[in-house]
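Trainee: Take a look at this one; I'll ask things after.
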Amino acid sequence: MTAPVTSVEIEAAIRNVPDFPKPGIQFKDITPVLGDARLFSGAIDLLTEKHAPGSIDAVVGIDARGFIFAAAAATQLKAGFVPVRKKSKLPFTTIEQDYALEYGHATVAIHTDALKPDAKVLLIDDLLATGGTSAAAAALVLKLGATIVEASFLIELKFLNGREKLNGFPVRSLVVY
Ligand code: AMP
């Protein structure tokens with residue numbers, strides 16, 4: 001049997017790309033983790049390790065890289081997968097949530113029938129930065145009456161204090177910068 005993947009190994013595989021998509025941004029490229037079979041499945045094991053299969057009803061993933069981890073986590077936990085998407089991408093009736101960006105604002109949406117009111121949800125995205133995106137996604141989950149058991153991230157940029165926007169449920173991240 002191969003040794004369990006550690007967050008140190010995941011951190012070593014994450015590629016930092018300076019000045020992408022614009023000057024001053026240190027982009028955390030997770031594609032080397034995805035492309036390595038052991039690291040990808042190990043990352044899913046770590047993201048889901050606190051939860052027994054069957055204890056989560058739905059894994060909510062955030063557009064777009066969050067989908068990759070959330071969908072894999074959902075199959076591991078025997079849970080459904082629910083997308084939170086950027087505005088105007090979902091085909092059925094939606095509820096929307098605005099949030100502030102550095103310049104301007106953005107909107108995320110969820111289908112109105114995506115979650116049962118009593119659903120137990122694991123919220124997943126690839127990266128927690130300022131927390132605006134995941135706080136907006138969390139607000140949508142709560143508006144549908146579901147409960148957030150935990151929000152899990154592969155990466156957290158701690159210096160941006162995103163955690164402060166995520167109140168009332170546990171927040172976990174595998175690799176912290
Ligand atoms: P925020 O709303 O500021 O927490 O930003 C989180 C979202 O933006 C996540 O969905 C990330 O995929 C993306 N993101 C923000 N900063 C970075 C970064 N430095 N590298 C890669 N993705 C990022």
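Please treat every number below as a calculation from the coordinates, not as lab data. Since the model is a prediction, treat every value here as computed from it, not as a measurement. Counting neighbours? That spans all protein chains shown, and the Cβs are built from the backbone with ideal geometry, glycine included.
Trainee: How much net charge surrounds P18 when only the other residues with a Cβ under 14 Å from the Cβ of P18 are counted, with Lys and Arg +1 and Asp and Glu -1?
Mentor: Numbers: positive: R15, K22, K28; negative: D19, D29.
That works out to +1.
Trainee: Taking the number of other C-beta atoms within 10 Å as the exposure measure, put S134, S55 in order starting with the fewest. Write out the running numbers ahead of the final one.
Mentor: Details: S134 28, S55 13.
Final ranking by Cβ density, sparse to dense: S55, S134.
Trainee: Take peptides 65-75, 12-22 and line them up by average Cβ neighbours within 10 Å, highest first, as a rough protection proxy. Walk me through the numbers before you get to the answer.
Mentor: Values: 65-75: 20.9, 12-22: 11.6.
Going from most to least packed, we get 65-75, 12-22.
Trainee: Now for a different question. Output the pairs from K28/K50; K50/K78; K116/K143; K50/K120 with a Cα-Cα distance over 19 Å in this structure; if there are none, say none.
Mentor: On the way: K28/K50 25 Å; K50/K78 14 Å; K116/K143 11 Å; K50/K120 14 Å.
Beyond 19 Å: K28/K50.
Trainee: Next up: Using the Cα centre of region 52-176 as the reference point, and only Cβ charges (+1 on K/R, -1 on D/E), how large is the resulting charge dipole? Debye, rounded to the nearest 20. Before the final figure, lay out the partial values.
Mentor: Working: 13 positive and 12 negative charges, 23 e Å.
Computed charge dipole of region 52-176: roughly 120 debye.
Trainee: Report, in deg cm²/dmol and to the nearest 500, the calculated mean residue ellipticity at 222 nm for the chain, where each DSSP H run with n ≥ 4 adds -39500 (n - 2.57) and the sum is divided by the residue count.
Mentor: Numbers: 5 runs with 48 residues, N = 177.
-8000 deg cm²/dmol, from helical runs alone.
Trainee: Based on other C-beta atoms within 10 Å, arrange L77, L154, L90, L160 from fewest to most.
Mentor: Ascending number of Cβ neighbours within 10 Å: L160, L90, L77, L154.
Trainee: Sticking with this structure for a sec: Among 137-149, 120-132, how do they line up from the highest to the lowest mean number of other beta-carbon atoms within 10 Å?
Mentor: Details: 137-149: 19.5, 120-132: 23.1.
Ranked by mean Cβ neighbours within 10 Å, highest first: 120-132, 137-149.
Trainee: For F40, F159, what ranking results if the residue with the fewest other Cβ atoms within 10 Å of its Cβ goes first?
Mentor: Numbers: F40 20, F159 9.
Result, fewest neighbours first: F159, F40.
Trainee: Lysines within cross-link reach of K22: Cα-Cα under 30 Å, excluding same-chain residues under 8 positions apart?
Mentor: Reachable lysines: K86, K87, K89, K158, K165.
Trainee: Another question, if that's okay. Just round it to a whole percent: the fraction of Cα-Cα distances in region 52-176 exceeding 17 Å.
Mentor: Working: 4058 of 7750 pairs.
Percent of Cα pairs beyond 17 Å in region 52-176: 52.
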